[in-house]
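The block underneath contains the structure these notes are about, expressed in C-alpha cells.
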Protein chains: 2
Amino acid sequence: MTQITADGATSVAEAVATLARAAKTASRSLATATRATKDAALHAMADALVAEAPRVVAANAEDLERGRAGGMAESLLDRLELDKERIAGIADALRELAALPDPVGEVVRGSTLPNGLRLRQVRVPMGVVGMIYEARPNVTVDAAGLALKSGNAVLLRGGSAAARSNEAIIAVLGDALAGQGLPRELVQSVDAHGRAGAVELMRARGLVDVLVPRGGADLIQTVVRESLVPVIETGVGNCHVYVDASADVAQAVPIVVNSKTQRTGVCNAAETLLVHRDVAPSFLPAVLATLGEAGVTVHGDDETRAAAPSGLRFEAATEADWATEYLSLDLAVKVVDSLDQALEHIRRFSSGHTEVICATDTRAVRRFTTELDAAALIVNASSRFTDGGQLGLGAEIGISTQKLHARGPMGLAELTTTTWIVEGDGHLRT
Amino acid sequence: MTQITADGATSVAEAVATLARAAKTASRSLATATRATKDAALHAMADALVAEAPRVVAANAEDLERGRAGGMAESLLDRLELDKERIAGIADALRELAALPDPVGEVVRGSTLPNGLRLRQVRVPMGVVGMIYEARPNVTVDAAGLALKSGNAVLLRGGSAAARSNEAIIAVLGDALAGQGLPRELVQSVDAHGRAGAVELMRARGLVDVLVPRGGADLIQTVVRESLVPVIETGVGNCHVYVDASADVAQAVPIVVNSKTQRTGVCNAAETLLVHRDVAPSFLPAVLATLGEAGVTVHGDDETRAAAPSGLRFEAATEADWATEYLSLDLAVKVVDSLDQALEHIRRFSSGHTEVICATDTRAVRRFTTELDAAALIVNASSRFTDGGQLGLGAEIGISTQKLHARGPMGLAELTTTTWIVEGDGHLRT
C-alpha cells in the first residue's frame with residue numbers, strides 16, 4: 001500500500017522516514033536533559049492525562065463503538081476500554097517512572113590505563129525507539145513514559161482498533177511536553193499510514209534504533225521475522241516446575257499452585273509440572289488435590305492419572321501438551337525417572353523463559369541452575385517472580401527471551417546503549 | 001541450491017540444522033567446563049596447529065593455486081596465504097586467549113531482596129555462535145578460540161576461496177579437542193554446502209544463537225539484511241577529528257597524523273578533519289605540511305586549498321568525500337565556522353564509530369562528548385585507540401557500531417548472555 005500523504009510525501013516510506021528524522025532531532029534535546037527535566041515532563045504528562053480524561057474517554061468511546069459494530073470479542077473490548085479510573089492508573093504509572101533513577105549517564109565501567117588514558121563507558125539513550133503493539137491504549141502512555149525517562153523519542157504503531165484513543169492520548173502528551181519546553185516530536189505515531197506504516201517502521205533501519213513489539217506471539221514473530229531494525233523480543237513462556245526426589249513436599253505444593261494459579265494469562269505462569277518418581281507417591285496426591293480445588297484441569301500421563309483424586313478435571317496428555325503455553329487454568333503433569341530425564345524434557349520443550357526446581361539436594365540444584373539455559377532459573381520459589389517489579393528492577397518494558405542485549409525482565413537500562421569516552425593528553429598509538 | 005547430502009539429509013536446511021543441533025549438544029559440555037579445561041584445550045589447539053603446520057600449508061597451497069588460476073588479486077592472495085610463521089602467530093593468539101579471564105560465571109549483579117529472595121545475574125555462554133567471513137583462514141582459528149573460551153560452539157562459513165585451508169584447520173582443531181576429551185562438534189563448518197550453507201546458517205533462528213559477520217561492508221550488510229538469526233554487526237568507520245578553536249596546536253597536529261596514517265586500512269582510522277576557523281591560520285599549514293610528508297592526499301575545501309603547501313597532493317572535495325571511508329592515505333579536510341557546525345557535519349556523516357576532538361576548553365569537550373552519538377568519543381588522543389587491545393579488553397571479536405548488545409570494541413563477554421538465578425525458601429507471589 002503506497003499513498004500520497006497530506007504533507008506531500010510521495011510514499012509511506014518517505015513519510016515514516018520524515019517522522020523518524022523528526023524523532024531523532026527531538027531526541028537530541030532529551031539526550032542531554034537532566035533527570036529533573038525528564039521527571040517534570042513525566043509529571044506534566046500524568047497531570048495532563050487526568051485533566052484531559054474526558055477528551056480521551058470520548059475518543060475511546062468511538063473506538064469501542066467501532067469495535068462492537070465489528071464484532072470485537074468482549075475480552076478485547078475490555079482491554080481497549082478507558083475510563084476515568086483507568087486513566088488515573090495510567091497516569092500514576094508515569095509518576096512511578098519519575099521516581100526511578102535515571103539510567104542515562106551511569107558509568108558502567110571505567111579505568112585509567114597504564115599509559116594514562118582515562119576511560120569510561122557511559123549509558124546513553126538509544127535515540128529513537130519504535131514500538132508495535134495491539135489495541136491497548138495504556139501501552140501508548142507506558143511506551144512514551146519509558147522512552148522519555150531513558151532519554152529516547154518514541155515512534156508508535158498502535159493498531160487501527162485503538163486509533164482514535166491513541167490519537168487523543170498522543171495529542172494530550174504532546175501538549176504536556178510542549179508546556180515543558182520539550183518537542184512534541186518525542187511522541188509520534190505512524191498509525192495515519194495504516195498497515196504500511198508498520199511495515200515501513202520495521203524497514204527504517206538506521207532511522208529507528210530499536211523496535212520493541214508488545215502483544216501476542218503472532219505479532220512478535222511477525223516483527224522478528226520482518227524487521228530490519230534490531231528487535232528486542234519479548235516472548236513466550238512455556239515454564240516448567242520440576243519437583244526433585246529431594247524436594248520438601250510441604251514447600252513444593254504451594255510453589256506449584258502459586259506458579260500455576262496466582263495469575264494465568266501471563267508468560268511467567270507454570271505450564272508443565274515434572275515430578276520425580278521417588279517423590280510422586282507423597283507429592284502427587286497432595287498437589288493434584290490442591291490444584292483441583294483451585295479449578296485447574298490436569299493434562300497428565302498414566303501415572304498422574306493413577307494418583308488423581310476423584311473430581312479432578314483430568315485429560316490424558318498428548319505430545320502437544322508438553323509444548324503448549326496454556327495461559328489458562330490448565331497444567332501438563334508428567335512423572336520422570338530422574339533429574340536427567342527432567343533436564344532432557346525441559347531442554348526439548350523450554351521456551352527459555354523461567355524454569356523452577358523444588359529440591360533440598362545441593363547437587364540437584366547445582367545441576368539444574370548450570371545445565372539449563374533460560375532467562376531465569378528459580379530454586380524453591382514461584383515462577384511468578386520472573387518480573388521486573390518483583391526482582392526490584394523498577395519499570396518493566398517486557399521480559400526478554402532472546403539472548404542478545406537483554407535477557408529476562410527488562411528495565412529502563414535496556415532502552416539505553418553505551419558510549420566509550422576516552423580522554424588523553426595528546427596520546428598517540430605506536 | 002538444494003542438494004542431497006552425503007549423510008542422507010534431503011536438503012541443505014536440514015543438513016545445517018543437523019550441524020547446529022550437534023553444535024548445541026557439544027556446547028553443553030563446555031557450558032559447565034572449568035576455565036582450566038578450556039585453557040588446556042586452547043593450548044592443545046595451538047600445539048596441534050604448530051605440529052600439523054605442514055598439512056595446513058599443503059592444503060593452503062591448493063587454495064592459493066586455485067586463486068591464482070582464477071585471477072585472484074595479489075592483496076587477497078596475501079590474506080589467504082599461510083606459512084609456518086603465520087601459523088605460529090595464529091597459535092600464539094590462542095595461547096593469549098588462554099591467559100584471559102573466563103567471562104562465564106561472572107556475577108554481573110546480585111542482591112538479597114527485602115523478602116529474602118537471593119538474586120544473581122550470571123554470565124553464561126550464548127550456545128552456538130555462527131560466523132560468516134571471507135577468505136582469511138586465520139579467522140577460522142580466531143573464531144574457534146574466542147567461542148571456546150566463552151563456552152560456545154561455533155558454526156563457520158569461511159568462503160569457498162579458503163575451503164581447503166579451513167577444512168584442514170578444522171580437522172586439526174577437532175583432533176586437538178578430541179584429545180582433550182571434548183567433542184569435535186564444537187568447531188564445525190557449513191562450507192560443504194556452498195553458498196546455500198551460508199543462507200541456511202542465516203535462517204537458522206532458534207538453532208544458532210548469534211551470527212557475527214566479519215569482512216567487508218558488502219558482506220556485513222548482506223548478513224544484516226538477510227539474517228533471521230540475531231546479528232552482531234561490526235561496521236564501517238567514517239571517523240572525524242575535529243580541531244577546536246581552543247586546541248593545543250602542537251598536540252593536535254600529531255593526533256591528526258597518527259589518526260590518519262598509523263594504519264590506513266582499518267575502521268578506526270580518521271577519514272575527515274574538521275578545523276575551526278579561528279585556529280585554521282596556525283593549525284592548517286602545520287598539519288598539511290606534515291600530512292604531505294606522510295604521503296597523504298588531501299581532499300579539501302577552498303580554504304584548505306589556500307593553506308596547502310606546494311607539493312601537497314590536493315584534490316577539491318566534493319560532497320561524496322565527506323561520506324567516504326577511504327581506508328587509504330586520503331583525508332577529507334574542511335574548515336568550519338563553529339563547534340555547532342562541526343557537530344552538525346559529524347551528525348550528518350558519522351557512521352557512529354569514533355569521533356575525536358582536540359580542545360582545551362572544557363565546555364567544547366563537554367558538548368562534544370554529550371551531544372554526539374558514537375561508539376567512542378575521544379578527547380585529545382588518536383582515533384586509533386578504539387580497539388579492544390588498546391582499551392584493555394583483551395581479545396577483540398570486532399568493533400560494533402550497532403547499539404544493541406555491544407557497542408565499540410567487543411571482548412569475550414560480548415559472546416555471552418546472562419541468566420537470573422533466584423533462590424528462595426518456598427517464596428510465593430501474593
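Please treat every number below as a calculation from the coordinates, not as lab data. Every value quoted in this text rests on a predicted model; they were computed, and no experiment measured them. Every residue, glycine as well, gets a Cβ built from its backbone with ideal geometry; the counts of neighbours run over all protein chains shown.
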Ratio of Rg to Rh over chain B (Cα coordinates, Kirkwood Rh, two decimals): 1.03
Under-5 Å amide H pairs with A:His299, H placed in peptide plane, nonlocal only: A:Glu315, A:Leu331, A:Ala332, A:Val333
Residue-by-residue Karplus 3J(HN,Hα) for segment B:211-218, coefficients 6.51, -1.76, 1.60, Hz, glycine and proline x: 10, 10, x, 10, x, x, 4, 5
Crossing angle, helix A:35-51 versus chain A [Cα axis fit, 0-90 degrees, rounded to tens]: 80 degrees
Share of pairwise Cα separations in segment A:239-390, more than 26 Å, in percent: 13 percent
Chain A: calculated mean residue ellipticity at 222 nm from DSSP helix runs of at least 4, using -39500 (n - 2.57): -13500 deg cm²/dmol
Cα-projected label distance for A:Asp278 with B:Leu219, points at 7 Å along beta-carbon direction, nm: 5.3 nm
GNM result for chain A, Cα springs below 10 Å: residue of A:Ala413, A:Ala98, A:Ala192 fluctuating most strongly: A:Ala192
Inter-copy label distances at B:Glu106 (7 Å, Cα→Cβ; nm, one decimal): 1.6
Using θ = phi - 60° and Karplus 6.51 cos²θ - 1.76 cosθ + 1.60, couplings along segment B:342-351 (whole Hz; Gly, Pro as x): 5, 4, 5, 4, 5, 4, 6, 10, 5, 9
Inter-chain shielding of A:256-268 (mean C-beta neighbours from other protein chains, 10 Å cut-off): 1
At R0 = 45 Å, FRET efficiency that the Cβ-Cβ distance of A:Ala88 and B:Asp425 yields, to 0.05: 0.75
Inter-centroid distance (Cα atoms) of segment B:217-241 relative to segment B:413-430, Å: 33 Å
Ascending list, in nanometres, of distances separating the A:Pro309 label from those of the other copies (7 Å, Cα toward Cβ): 9.5
Summed side-chain charge close to A:Glu185 - residues other than A:Glu185 whose Cβ falls under 10 Å, Lys, Arg +1, Asp, Glu -1: +3
Ordering of B:66-74, B:182-190, B:240-248 by burial proxy (mean other Cβ atoms within 10 Å per residue, highest first): B:240-248, B:182-190, B:66-74
Residues listed by number, segment B:239-253, amide nitrogen under 15 Å from B:Ser338 label point at 7 Å toward C-beta: B:245
Residues whose placed amide H lies under 5 Å from that of A:Ser246, excluding near-sequence neighbours: A:Thr360, A:Asp361
Where Rh is the Kirkwood radius over Cα pairs, Rg/Rh for the protein assembly as shown: 0.99
Principal-axis tilt of helix B:280-293 within chain B, Cα atoms, nearest 10 degrees: 50 degrees
FRET efficiency estimate (nearest 0.05) - Cβ-Cβ, B:Val108 to A:Asp302, R0 41 angstrom: 0.40
Full-stretch length increase - A:Ala61, A:Arg21 - with 0.36 nm per residue and alpha-carbon distance subtracted: 11.1 nm
Fluctuation leader among A:Arg203, A:Arg123, A:Arg79 - chain A, Gaussian network, Cα springs under 10 angstrom: A:Arg79
Amide N of segment B:334-349 lying under 15 Å from the label point, which is placed 7 angstrom from the Cα of B:Ala286 along Cα→Cβ: none
Proximal charge balance of A:Val108 [Cβ under 9 Å; K/R count +1, D/E count -1]: +2
Note, ³J(HN,Hα) from phi for segment A:263-268, Karplus 6.51, -1.76, 1.60, rounded to Hz, x at Gly and Pro: 7, 9, x, 10, 6, 9
Within-15-Å neighbourhood charge of A:Arg120 [Cβ basis; K, R +1; D, E -1]: +3
Using distinct alpha-carbon pairs, which all enter the 1/r mean, Kirkwood radius of segment B:354-430 in Å: 15.3 Å
For the axis carrying chain B to chain A: nearest C-beta residue of B, whole Å: B:His405, 2
